[in-house]
Amino acid sequence: MELLKYIFLGFIQGLTETIPVSSSGHLLIFKKIMDVNIDFDTIAILTNFGSLIAIIILFWNDIISIIKGFFNYLKGNKDSKNDFNYALMIVIGCIPAGLVGLLVSYFDVFDKIENNVKIVGLSLIITAILLFMIRNFKGKKSDDKIGFKEALTVGLFQILGLFPGISRSGSTIVGGMFQGLKRDTAFKYSFMLYIPMSLAAMVLELKDLALKSELIIYYISAIVVSLVVTLLVTKWFRRIVNNGKLIYFSVYCMIVGMLVLLFL
């Protein structure tokens, strides 16, 4: 039964990490409901790692192409200018949330509210409103049209994802669509930002990692389940975004947010 609890939490993380419903918020909701003796902070860090590996696998070809193009341009290959610019826009897009994230971590800004399930309920409603606002957006800008303004706007929206319960993927995709990016362009750019931001967050959270040797098999099981489910769900989510069906997540976040506020 103990192993099943860890597998279940890995499943919840993988299911909710990349779709715009807040994985951290859902883990907190289930922490409240399940009332079990599990170190949720450690589980969150480990299952986030599983999700990160899944995203790297999914976007591996894009990552390699961008890295190669960046260095080829530095060597004088002008044909790689688009990859070079895209890499710079990833850096710019990470700066706002990166700086705010460091301040939040250093001063423990969310220390008193990060485990408040009511805050999660409110945040889910905010996410629902954001997704509803861009439900019919269909931009025209592709990868090579992401400039300083677009990157900075998405970066500022990504700050919302630092708030407990607000989806990072949801806020960045909304920011991209507000700037006129194509749906798939906004989706891809959102996850290009996710990779460095997730790595940075893991480094900051290592101080909270409290592993127990007798639970290693449980930890590994949670990571593997999170990885596999994230792979499957992210592929599905990409189709949802490209088909303009984000309204489904808006409705879901609104319903769950209201239920949390009313009953938890």
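The values are calculated or read from the model by the stated rules, or taken from the named source; none is laboratory data. Predicted model, so just to flag it, every value in this text is computed and none were measured. When we count neighbours, we look across all protein chains shown, and the Cβ atoms used for this are built from the backbone with ideal geometry, even at glycine.
Kindly indicate whether Thr172 is modelled with pLDDT of 95 or more, within 16 Å of the chain's Cα centre (by Cα), hydroxyl-bearing (Ser, Thr, Tyr) and surrounded by 17 or more Cβ atoms within 10 Å (Cβ to Cβ).
yes
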Practice task
Would you check if there is a residue in region 204-215 being surrounded by 15 or more Cβ atoms within 10 Å (Cβ to Cβ) and farther than 21 Å from Pro164 by Cα?
Solution key: yes
Handout entry: region 1-21 - residue that is part of a loop (DSSP other than H, G, I, E, B) and either at pLDDT 90 or above or in contact with a strand residue (DSSP E or B) (Cβ under 7 Å, 6 or more places away or on another chain) (or both) and, of those, nearest to Leu122 (Cα to Cα)
Key = Val21
Fill in the blank from the handout: Residue set Thr16, Thr47, Thr42; condition polar (S, T, N, Q), surrounded by fewer than 21 Cβ atoms within 10 Å (Cβ to Cβ) and either farther than 19 Å from Met192 by Cβ or touching a Pro at 6+ places or on another chain (Cβ under 6 Å) (or both); output residue Thr42
Handout entry: Residues located in region 1-27, provided they are under 13 Å from Pro164 (Cβ atoms) and more than 16 Å from the chain's Cα centre (by Cα)
Key = none
Practice task
Scan region 131-149 and give yes if some residue there is farther than 20 Å from Phe249 by Cα, polar (S, T, N, Q) and over 18 Å from the mean Cα position of the chain (by Cα), otherwise no.
Solution key: yes
Practice task
Find all pairs meeting these conditions: Cβ atoms under 7 angstrom apart; at least six residues apart or on different chains; first residue within region 16-43 and farther than 14 Å from Val117 by Cα; second residue acidic (Asp, Glu).
Solution key: Asp41/Asp208
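Looking only at helices (runs of 4 or more DSSP H) that lie completely in region 38-142, which have at least 3 residues being of a type in the set (Ser, Thr, Tyr)? Give the steps one after another, and end with the answer.
Values: elements: 40-58, 60-74, 81-107, 117-133.
So the answer is 40-58, 81-107.
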